Amino acid sequence: MESALDLLRQLITSPLVYLLLFALTAVDAVFPMVPAETAVITAAVLVGGVAPELVGIWAVATLGAMAGDHASYLIGRGGGARRLASFPAQSRRRASSEWARRALHRRGGLVLTSARYVPGGRTAVTLTMGAVRYPLRSFLLFDAIGGASWALYSVLLGYFGGLAFQQDPLRGVLAGLGLSIGVTALLELGRRLGQRSRRRAAARR
C-alpha cells in the first residue's frame with residue numbers, strides 16, 4: 001500500500017497529470033458529472049503540502065475551468081437560446097435555465113462566481129450567459145475570479161485533508177470530499193430557503 005502511494009505521489013507531478021486535470025476541469029463545464037473537483041482535491045492531498053506543486057495544481061485547475069466555461073458560453077451564444085427554450089416546461093434543465101436567468105438578472109456577472117458551488121449551476125449559468133449575449137469581456141473578468149476562487153477552494157480542501165491525515169492520504173481525500181459535499185449542501189439549502197422566502201414575499205403583494 002505504501003509503495004503504491006509513493007508511486008502516486010511521484011506520478012502526480014507528471015505533465016500528463018496536469019494535462020488530465022486541465023481536461024477534467026474543462027469538460028466539467030459542459031458535463032457536470034465529470035469528477036473535476038474530486039481530481040483536484042485528490043491531487044492536492046497527494047502532493048503532501050509542497051507549495052510549488054499546489055500552486056501548479058491551482059493554476060491548471062483555474063485555466064481548465066475557464067476554458068470549459070468559455071466553451072459553454074460559446075455554445076450558448078451559438079444557438080443555445082433556441083435549445084434552452086426547447087426544454088420541456090417541467091424538466092430539470094428548464095428549471096436550471098430559468099434559475100440562471102433570474103440569478104443573472106438579480107446579481108449580474110457575480111452569479112458566475114457562486115454558481116460553481118450549486119449542483120449543475122455552472123453549466124446552466126455559462127450557457128445562459130452565452131444565450132443572452134452577455135458581454136464577453138465582462139464574462140472573462142467574472143470567470144477569472146470564479147475559476148481562480150473555485151480552484152483555490154478545491155486545492156485548500158485537499159491541502160487541509162492531507163494535513164489532517166498525513167499517514168493516510170485516502171482518508172485525507174475522503175475528508176476533503178466530505179467538506180466539499182457539506183459546503184455544497186449548505187449553499188443549496190440556503191438557495192432553496194431564499195427562493196421560498198422570495199415566493200412568500202411575492203405572494204403577500
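The values are calculated or read from the model by the stated rules, or taken from the named source; none is laboratory data. Quick caveat: nothing in here was measured; it's all calculated off a predicted structure. Note: ideal-geometry Cβ built from the backbone for every residue, glycine included; neighbour counts use all protein chains shown.
Scan the range 123-144 residue by residue and report those that are of a type outside the set (Val, Ile, Thr) and not in a helix (DSSP H, G or I). Correct list: ARG133, TYR134, PRO135.
Counting only residues that are among the hydrophobic types (A, V, I, L, M, F, W, C), buried (at least 24 other Cβ atoms within 10 Å of the Cβ) and under 29 Å from GLY130 (Cα atoms), the range 42-84 holds 3 of them. Please tell me if GLY80 is modelled with pLDDT under 85, of a type outside the set (Asp, Glu) and closer than 21 Å to THR38 by Cα. No: the conditions fail for GLY80. Here is the figure for the range 135-152: residues that are touching a Gly at 6+ places or on another chain (Cβ under 7 Å) and hydroxyl-bearing (Ser, Thr, Tyr) total 1.
Mind listing whichever residues of the range 14-26 are assigned to a helix (DSSP H, G or I) and more than 12 Å from LEU63 (Cα to Cα)? Working first, answer last.
Of the range 14-26, the ones assigned to a helix (DSSP H, G or I) are 15-26.
The answer is PRO15, LEU16, VAL17, LEU20.
Yes or no: the range 84-91 includes at least one residue that is at pLDDT below 85 and over 21 Å from VAL30 (Cβ atoms).
Our first condition is that a residue be at pLDDT below 85; within the range 84-91, this holds for 84-91.
Those left that are additionally over 21 Å from VAL30 (Cβ atoms): 89-90.
Yes, there is a match, as at least one residue in the range 84-91 is at pLDDT below 85 and over 21 Å from VAL30 (Cβ atoms).
Yes or no, residue by residue, for (1) more than 14 Å from the chain's Cα centre (by Cα); (2) surrounded by fewer than 24 Cβ atoms within 10 Å (Cβ to Cβ); (3) not acidic (Asp, Glu):
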residue	(1), (2), (3)
ALA124	no, no, yes
ALA131	yes, yes, yes
SER138	yes, yes, yes
GLY146	no, no, yes
LEU152	no, yes, yes
